[in-house]
Amino acid sequence: MSEDGVLAGAKIPRHIAVIMDGNGRWAQQRGLPRLAGHRAGTENIRPIVTECARIGVQVLTLYAFSTENWNRPSLEVQGLMQILSEFIDREIQNLHAQNVHLRHLGRLNGLSPHLREKVNYAIELTRHNTGLTLAIAFNYGGRADIVDAVRAIVASGIPADQITDEIISAHLSTHGLPDPDMIIRTSGERRLSNFLIWQSAYSEYWFTPVFWPDFRPEHLHQAILDYGRRERRFGGLPKPN
């Protein structure tokens, strides 16, 4: 439970997932190239990670690059790859010092060998950290995640009549992580965009018109307070008074 005055007594979600949307529009409003917005969005990860760790969030998942984002102009895609590389170089030691455990969600194929090496290094460096788990969904798609899980299950020889929800979950890239309690999407859009579509079956959604580079800890607090006012039934009936 957070000791923060604003969040005193608030119910803190165990797992928050964020669709970091609006970087390009943030830049365009300022007459800047889209990549400037992506860089600003990457800079904004640090204070949100720090705040989540401080208030007791256990897992923070950030949607950074989807499998569909490969369809963007090649220069933008190359720029996003460079930004991820720079993020690892700049932030990994600080994250490690904060006891953050880094996870990658998605496929590593498609990334350059050099970038794959950096991602694997960051994962290995923080593997035994026990603080906040920061899961970066990069080259991730919810449908692709399910397809990969099904392929792995078939390859393992598990009979069809023995496949359960738990077995599928255990073969997703999020294996070992709790399902997200709350999914936040910035920029005013109101859709999942192929993000954690299996894991979000009972997630609470919180949408804000604020672009991701302008998303501050106080916006995070607003989302958490709203989450705490909701009654999560998971398909059941309200509890009797």
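General remarks:
- DSSP beta bridges confined to the chain are antiparallel in about 0 percent of cases.
- In the context of the full set of protein chains, region 188-233 has a per residue accessible area of 52 Å² (1.4 Å probe).
- Rounded to the nearest 500, the 222 nm mean residue ellipticity of the chain from helices alone is -13000 deg cm²/dmol, with -39,500 (n - 2.57) taken per DSSP H run of at least 4 residues.
- Seen through its C-alpha gyration tensor, with square-root eigenvalues sorted a ≥ b ≥ c, region 1-119 comes out prolate because a/c lies at 1.5 or above while a/b is bigger than b/c.
- Tensor-based shape of region 132-241 (alpha-carbon gyration tensor, a/c under 1.5 rounded, otherwise prolate or oblate): oblate
- Once the C-beta distance of Glu231 and Asn99 is scaled by a Förster radius of 25 Å, the resulting FRET efficiency is 0.15 to the nearest 0.05.
- Solvent-accessible surface of region 69-151, taken per residue with a 1.4 Å probe and all protein chains present: 50 Å².
- FRET efficiency for the pair Ile163 and Val6, taken as 1/(1 + (r/R0)^6) with r the Cβ-Cβ distance and R0 = 51 Å, rounds to 0.70.
- When Met81, Met182 are compared by accessible area of protein heavy atoms, the largest-first order is Met81, Met182, using a 1.4 Å probe.
- Note on the chain: with neighbouring protein chains present and a 1.4 Å probe, carbon and sulfur make up 52 percent of its accessible heavy-atom surface.
- Only the Cβ atoms of Lys and Arg (+1) and of Asp and Glu (-1) were treated as charged; on that basis the dipole of the chain about its Cα centre amounts to roughly 320 debye.
- When nucleic acids and ligands are ignored and a 1.4 Å probe is applied, Arg116 ends up with an accessible area of around 80 Å².
- Between amide H atoms placed 1.01 Å from N, distances below 5 Å from Asn139 occur with Phe65, Ser66, all of them 5 or more places distant or on a separate chain.
- Heavy atoms of Lys11: accessible area, 1.4 Å probe, square angstrom to 10: 120
- DSSP loop GluC sites (Glu not before Pro) with at most 15 other Cβ within 10 Å: longest gap in the chain: 4-188
- Projecting the Cα atoms of Pro33, Thr133, Met20 onto the charge dipole of the chain, computed from C-beta unit charges around the Cα centre, puts Pro33 farthest toward the positive end.
- Solvent-accessible area of Trp26 with every protein chain in place, 1.4 Å probe, in Å² to the nearest 10: 40
- Total charge dipole magnitude, region 1-137, about the Cα centre, Cβ charges on Lys, Arg, Asp, Glu only, Debye to nearest 20: 180
The values are calculated or read from the model by the stated rules, or taken from the named source; none is laboratory data. What you see is a predicted model; the values in this text were computed from it and never measured. Neighbour counts are summed over all protein chains in view; Cβ atoms, including those assigned to glycine, are modelled from backbone coordinates with ideal geometry. Quick note on the areas: whole protein, heavy atoms, side chains included, nothing else; ligands and nucleic acids left out. Shrake-Rupley method; radii C 1.70, N 1.55, O 1.52, S 1.80 Å.
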